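Chemist: I'd like to ask you about the structure that follows.
The values are calculated or read from the model by the stated rules, or taken from the named source; none is laboratory data. Since the model is a prediction, treat every value here as computed from it, not as a measurement. Cβ coordinates were reconstructed from backbone atoms using ideal geometry, including for glycine residues, and neighbour counts include every protein chain displayed.
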Amino acid sequence: MNRVQWKLSAFDALSVHELYELLQLRSEVFVLEQSCFFQDIDGVDAVAMHLMGRREDHLVAYARCLPPGTKFVEASIGRVVTRQSVRGNGLGHVLIEQALIAVGRTWGLQPIRIGAQAQLRDFYIDHGFADTGIGYVEDGIDHLQMIWHPETVTQELSNDY
């Protein structure tokens, strides 16, 4: 597997090319692949930190990191996505680890709440998230709120990216 290069950028620091690529990837997966028609451009991107994973100059992974008080009282990670062509090799796990690092470095170690697709519950549990028992349907897809606490930090999260 070719090495993925990670970049964390504020909205205002994104190039037009980067913004186009991340919106294209989100649309490709969330709208087309998952047949889910929703308003992706929701006014929150401007306050987010955007984590992008590139391989051979192609965007292959992305997550949107949000400050506390934006979607939830806690900081949050959302729009977690990997390109279909790179799935199955562990990149999604690396993406979540990098997103946890990004939130911690940007806003300090703190609880992180996510709205996860219910089918990914075990994936997030593997990364220290706990199911809060709050389930809901969003855009026709079962979701649940999950929370991660700093006490679950592993040595891996202290590494630079």
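Chemist: Do you know which of the residues in region 125-145 that are closer than 21 Å to Cys65 by Cα and assigned to a loop (DSSP other than H, G, I, E, B) is modelled with the lowest pLDDT?
Modeler: Step by step, filter region 125-145, then rank; the result is Asp139.
Chemist: Take the residues of region 110-124 that are under 17 Å from Lys71 (Cβ atoms) and small (Gly, Ala, Ser): which is surrounded by the most Cβ atoms within 10 Å (Cβ to Cβ)?
Modeler: Step by step, filter region 110-124, then rank; the result is Ala116.
Chemist: Determine which member of the set Leu66, Leu51 is within 15 Å of the chain's Cα centre (by Cα) and more than 14 Å from Gly115 (Cβ to Cβ).
Modeler: Result of the check over Leu66, Leu51: Leu51.
Chemist: Can you tell me how many residues within region 25-51 are touching a strand residue (DSSP E or B) at 6+ places or on another chain (Cβ under 8 Å) and either polar (S, T, N, Q) or at pLDDT 90 or above (or both)?
Modeler: Of the residues in that region, 8 qualify.
Chemist: I'd like the full set of residues that are among the hydrophobic types (A, V, I, L, M, F, W, C), closer than 18 Å to Asp126 by Cβ and in contact with a strand residue (DSSP E or B) (Cβ under 8 Å, 6 or more places away or on another chain), limited to region 82-105.
Modeler: Hits for region 82-105 are Leu91, Val94, Leu95, Ile96, Ala99, Leu100, Val103.
Chemist: Does region 125-146 hold any residues that are surrounded by 16 or more Cβ atoms within 10 Å (Cβ to Cβ) and more than 17 Å from Val29 (Cβ to Cβ), and which are they?
Modeler: Listed by number, the residues that qualify are His127, Gly128, Phe129, Asp131, Leu144, Gln145, Met146.
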